Amino acid sequence: MAPQLVVFGGAGEIGGNKILIQDGSVRLWLDFGTPFGRYKAFFNEYLKPRATRGLWDLLALGLLPPLRGLYREDLALPGLWERFAGGGMHQDLGSAIDAVLITHAHLDHLGDVAFLDPGIPLVASPITAAVVRAMQVTGAPSFTHEWCYLTRRVWDAGSRTLQVEKNAPHQGRRFYLLADSVPRELQAWWLDPPGRSRELNGSPPEPFPGRVGDRSVRWWPVDHSIPGAVAFAVETQAGWVAYTGDLRFHGREQVASEVLRADWAQLEIAVLLCEGTRLGENTRVTEEQVFETALDLTRQAVGRLVIADFAPRNLERFQTFLEVARQTKRCLVIQPRDAYLLEAMARVSSAFQEIHGDSRIRLHNDPKARPDPWEQDLRERWRSRIVEPSEISKDPGAYILCCSLLDMNDLLDIDPASLKGGIYLYSNSKAYDEEQAVDLERLRQWVRHLRMRMEGDPDDPHARPLHASGHAGEMELADFVQAVRPRVLVSVHAERPERWREILGGTNIQVWIPEPGQAILI
């Protein structure tokens, strides 16, 4: 049988990438992300999938493909597969899934890993693994967030619900890292129980051998808005199948993407699965421009508080504001989750070990009645670096405070006179849906109430640039694909996939726009 690929998620949508490659006896996935566009059509902050029903809600709404043998058995209600066996995409995969290759730690690329059978190996860079575990430890407990370890459920016939198995240890997932060795610091932390009520059974990550079954797998670091992002190429009987994940050419790691382009131009790629998030867009703001703008605005705010608002896990933007703090002789005050993530990064990256030791980084002491165990331990480790609201009130010009809409209540503990006249640097993307637009307007209301000034408002045409996209623009994508010269381009992670046919018209590159669940022979 000829090799084939099936795009179960990421076809005609941004995110939710789930791509299955089948070649002889080898079956592997490229990413397994959450389709947030479709997810938000049904759920929000208050309405979520029911843990007591396991996979049921997600399968019934078409948010997971009905593939028997792929998911956790403890999340399957009695009669589940009889109910969904008639679906158009239903298959019985058995248990022969060799691996899931994860490109980076954004949830639209890995979020639905939480539902996979824990015996399926996950392959990722060391940084991605560290970020994902930090996300799970510091996040709210949920069966939708069990990416590195899980708590098993059992069927309760009396209530006809799935219940957490009492006194059972957490079960770790199998991780393989794209590295020659696994740092000892990461191994010890990986097996450290995340709370104080359950043990954790599992094994630390192992180095990835570079093969899945009898097929070679290669990987390259790429420039993206989160560190540790990679692209993959899988050797098949029909030639190399390459997958970009998400990439750009205007961040701190732009050289990595340029190396990828040069290497893939020599690889004779048969099929290229290429992201197209920004097809139809060519605006280009670099991370260097963000730094220069943030530095200039901070220098103008002498004696006043500066607040930096950027996406969680955008560690590149964190580095940008740390450099601004250094050059303006301020301290960068971060939130507990940021500090925990920074510690995780220091376990796998020498660069972040140095950053972690920077005396300018401080921890904001927001009041909590009962901090989670991870935060209690963190506060003890950071005791000498904690900054109180009263200290910020006394000398607001000495700090850059990292926070977002979810932290606005904490600003009420700072003297209003110390907030007045300060600047709020909104270093995030524009709102992409109604819910985000409402949140952005809510944030503006907070900033006005606190008598601060917002800079970087994405709806202000005159705003100075304070955000660089995590994705390449259309012209950069076109240059990349034409340099790589694949035989076939398959569009993924794009809402305007038809643009590829216009861009590549007149070339010898075939363009395939996949339908969800449709098998494509390579």
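Every number in this text was worked out from the coordinates using simple rules, so none of it is lab data. None of these values were measured; they are calculated from a predicted model. Note: ideal-geometry Cβ built from the backbone for every residue, glycine included; neighbour counts use all protein chains shown.
Considering Val217, Val222, the condition of being in contact (Cβ under 8 Å) with a residue 12 or more places away in the chain, closer than 30 Å to Cys402 by Cβ and hydrophobic (A, V, I, L, M, F, W, C) is satisfied by Val222 alone. Against the test of being closer than 18 Å to Ala265 by Cα and in contact (Cβ under 8 Å) with a residue 40 or more places away in the chain, the options Ala494, Ala483, Ala478, Ala519 yield a single qualifying residue, Ala483. Once the range 156-204 is narrowed to residues that are among the hydroxyl-bearing types (Ser, Thr, Tyr) and not in a loop (DSSP other than H, G, I, E, B), the residue that is surrounded by the fewest Cβ atoms within 10 Å (Cβ to Cβ) is Thr161. Which of (1) out of contact with any helix residue (DSSP H, G or I) (no Cβ under 6 Å at 6 or more places or on another chain); (2) more than 23 Å from Gln22 (Cα to Cα); (3) of a type in the set (Gly, Ala, Ser) is the odd one out, the single condition Ala233 does not satisfy? With respect to (1) out of contact with any helix residue (DSSP H, G or I) (no Cβ under 6 Å at 6 or more places or on another chain); (2) more than 23 Å from Gln22 (Cα to Cα); (3) of a type in the set (Gly, Ala, Ser), Ala233 is out only on (2).
Counting only residues that are assigned to a helix (DSSP H, G or I) and not aliphatic (A, V, I, L, M), which one in the range 247-279 is farthest from Arg496 (Cα to Cα)? Checked the range 247-279; the qualifying residue farthest from Arg496 (Cα to Cα) is Asp263. Of the residues contained in the range 57-71, none is found to be touching a Lys or Arg at 6+ places or on another chain (Cβ under 9 Å), surrounded by fewer than 18 Cβ atoms within 10 Å (Cβ to Cβ) and under 27 Å from Ala229 (Cα atoms). Picking from residues in the range 136-155 that are assigned to a strand (DSSP E or B) and touching a Pro at 6+ places or on another chain (Cβ under 9 Å), the one that is surrounded by the fewest Cβ atoms within 10 Å (Cβ to Cβ) is Trp155. List pairs: first residue in the range 86-111 and on the phi < 0 side of the Ramachandran plot, second residue hydrophobic (A, V, I, L, M, F, W, C) and loosely packed, with under 15 Cβ neighbours inside 10 Å anywhere in the structure, Cβ distance under 9 angstrom, at least six positions apart or on different chains. Between residues of the range 86-111 that are on the phi < 0 side of the Ramachandran plot and residues that are hydrophobic (A, V, I, L, M, F, W, C) and loosely packed, with under 15 Cβ neighbours inside 10 Å, the close pairs are Asp92/Ala85. Scanning the range 205-222 for residues that are part of a loop (DSSP other than H, G, I, E, B) and buried (at least 16 other Cβ atoms within 10 Å of the Cβ) yields Pro205, Phe208, Val222.
When the range 243-268 is filtered for residues that are hydrophobic (A, V, I, L, M, F, W, C) and touching a helix residue (DSSP H, G or I) at 6+ places or on another chain (Cβ under 6 Å), the ones remaining, listed by number, are Leu247, Phe249, Trp264, Ala265.
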